[in-house]
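Down below is the structure, laid out as structure tokens.
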């Protein structure tokens, strides 16, 4: 201590003043602003962001590169070596009738699920938006399937749709019709899984529509009513156009999401009968994890990625132009 | 101005008809939504000989709790339950931790290149899960984490959606709070802990609930990455029980289905507000 003081020329009065830079850096706390130097910010940023970034790199970005690379090989996931086969997997895919059938099934499944669901949920949201009794009860029960495990839903629905002992047979009897055998009939299996998919998700889009409805300024509708517009005209000319952006969002994200379905057909139909419900991810799963054709399955995954990416980019582009709230 | 308006919308015959139609449509929707739950619970309580009968027995003649015991013992459901509970909790905790840390950094720490890195994070939203299945299986196999909790959890704990939603919220917090803390000499860790996290609690709770539910219900990835009963979760266990039992013993399958969904349904009924906030925040604002 003594020697240090002695060495600094100024003696006591100079002592509290800043020391040479090499000594001042370890204790920046003395100066309030020094905690937020660029270097300090960078350190905190790295500490906070890196864990997440690293995981995303390993489990989301790397897989894209890996899948793309493997799609040009004949790898079977078991033996270590991979042989380059060029575009052979893509060639096989584009000439395979199964691929087109699966793609068609996926589009039919997504299209019908999304559009029927949107129509229903718009209707339900408009009805629920009124001043009615038991509103909370109706909203809760319509939303409940959305939080229910899809595996459970698929198994319970199999029993509900049982052609001999299921509840749904009662409705067909009331109508004097014979109940279809649903998942055992190639013509009825697709409607069955579409129905379950709608059941599962209609509450989600209803809640979104309800939020969108409450975002609409009621004065707009009120003004039209004062001008003598009927309720239908108010809905058709004012409410519906204002729901345009959220509808677009629900259509595109709905299609993206529904195209990636797996559980409902996997449990209810295993893609059958006669591949009538074999949809994309089911096909991919079977090729990769049951037949171990990693190369071909990767080509399938890459094509899927491009389709989903295209839909996402369309969504981003349109929502930039459309969204005006 | 208000007078004629009120006259048309009160008790005129057409509005009566309209509200009758409203209740009719909502009633049909509620029956459609509710019937699988009703059928699941009543079947779970029926004696076996009342399952395969037509016309169906809506209410069981006697309540048979024994079905739940038999279903519980038909497969190692105790293990599945513990696994689901542990995996969903751990997954949720990690995802929130990573989400809060990332969100704070992207919202509150200015460094060069921040927007670019944030774009990279958001970019992962465009990558469908299904494309990552094979590579992630290989990565985890190389790490020796197939059939472990880590293997089930790790690929999905960094979520761009959680980071995005929390960041939006933290951007909306008043700047003055952070300025004042800076003047008092607080560093970022302190501001994160004492300002950003407490003020983001509603969003954190919402995200945690949504995460917990989706983790509890997860099916495809746990199916791929587990290969023994010791690691399986409830949805996979239920599916395997159905595959294993001959001739579909529906009373047992419905009993098992009931105890798989009960915790989530209770969670939802008690915290409905948070669920609704969460999904609308993601769609209406985030879209």
- Query: If you take the beta carbon distance between residue A:65 and residue A:236 as r and set R0 to 60 Å, what does 1/(1 + (r/R0)^6) give as a FRET efficiency, to the nearest 0.05?
  - Reply: 0.75
- Note on the structure: Per the 1/(1 + (r/R0)^6) rule, R0 = 25 Å and r from the Cβ atoms of residue B:262 and residue A:135, FRET efficiency to 0.05 is 0.50
- Message: Can you compute the helix-only [θ] at 222 nm over chain A? Use -39500 (n - 2.57) per DSSP H run of at least 4 residues, normalise by all residues, nearest 500 deg cm²/dmol.
- Response: -20000 deg cm²/dmol
- Note on the structure: Here, the protein assembly as shown modelled as identical Cα point scatterers in vacuum has Debye log10 I(q)/I(0) at q = 0.07, 0.08, 0.10, 0.12 Å⁻¹ of -0.53, -0.67, -1.00, -1.36
- How large is the convex hull of the Cα atoms of chain B per residue, expressed in Å³ as a whole number? 227
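How shielded is B:264-275 by partner chains, expressed as the average number of their Cβ atoms within 10 Å of its Cβ atoms? Write down the numbers at each step before the final one.
Values: counts 5, 3, 0, 1, 6, 3, 0, 0, 6, 0, 0, 4.
That average works out to 2.
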- What span do the alpha-carbon atoms of chain A cover on each of the three principal axes, reported in whole Å from largest to smallest? 108, 73, 38
- Report the full-extension gain for the segment residue A:123 to residue A:270: residue separation times 0.36 nm, less the Cα-Cα distance, to one decimal in nm. 49.6 nm
- Message: Compute the angle between helix A:244-259 and the longest alpha-carbon principal axis of chain A, please, reported from 0 to 90 degrees and rounded to the nearest 10.
- Response: 80
- Looking only at B:147, B:73, B:211, which one moves most when chain B is put into a Gaussian network model with springs between Cα atoms under 10 Å? B:73
- Task: Take every Cα pair under 8 Å in the stretch A:161-265 that's 6+ residues apart, average their separations, divide by the length, and report that relative contact order as a whole percent.
- Result: 19
- Angle in degrees between helix A:38-56 and the longest Cα principal axis of chain A, rounded to the nearest 10: 30
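Once you average over the residues of A:169-180, how many Cβ atoms of partner chains fall within 10 Å of each Cβ?
1
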- Task: At 0.36 nm per residue, minus the direct Cα-Cα distance, what do residue B:122 and residue B:89 gain on full extension? Give it in nm, one decimal, please.
- Result: 9.4 nm
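Can you put A:255, A:142, A:216 in order of Cβ neighbours within 10 angstrom, beginning with the fewest? Could you put the intermediate results ahead of the total?
Values: A:255 20, A:142 26, A:216 15.
The order, fewest Cβ neighbours first, is A:216, A:255, A:142.
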- GNM result for chain A, Cα springs below 10 Å: residue of A:186, A:265, A:51 fluctuating most strongly: A:51
- Estimated [θ] at 222 nm from DSSP helical runs (n ≥ 4, -39500 (n - 2.57)) normalised by residues in chain B, nearest 500: -21500 deg cm²/dmol
- Computed from the beta carbon distance with a Förster radius of 41 Å, FRET efficiency for residue B:23 and residue A:40 to the nearest 0.05 stands at 0.05
- Counted neighbours (other Cβ, 10 Å), sorted fewest up, put A:94, A:123, B:234 in the order A:94, A:123, B:234
- Item | Relative contact order (%) - chain B, alpha-carbon pairs under 8 angstrom, separation at least six | 30
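As a footprinting exposure proxy, order A:280, B:149 by other Cβ within 10 Å, with the fewest listed first. Walk me through the intermediate numbers first.
Working: A:280 27, B:149 15.
Taking fewest neighbouring Cβ atoms as first place, the list is B:149, A:280.
What area, in nm² and to one decimal, does the C-alpha convex hull of the stretch B:31-179 cast on average over all directions? Don't skip to the end; give the middle numbers.
Numbers: hull surface 61.8 nm².
The number I arrive at for the stretch B:31-179 is 15.5 nm².
Rule-based calculations on the coordinates, nothing more; no lab input. Remember, it's a predicted structure, so these values are computed and weren't measured experimentally. All Cβ positions, glycine included, derive from the backbone under ideal geometry; neighbour counts span all protein chains shown.
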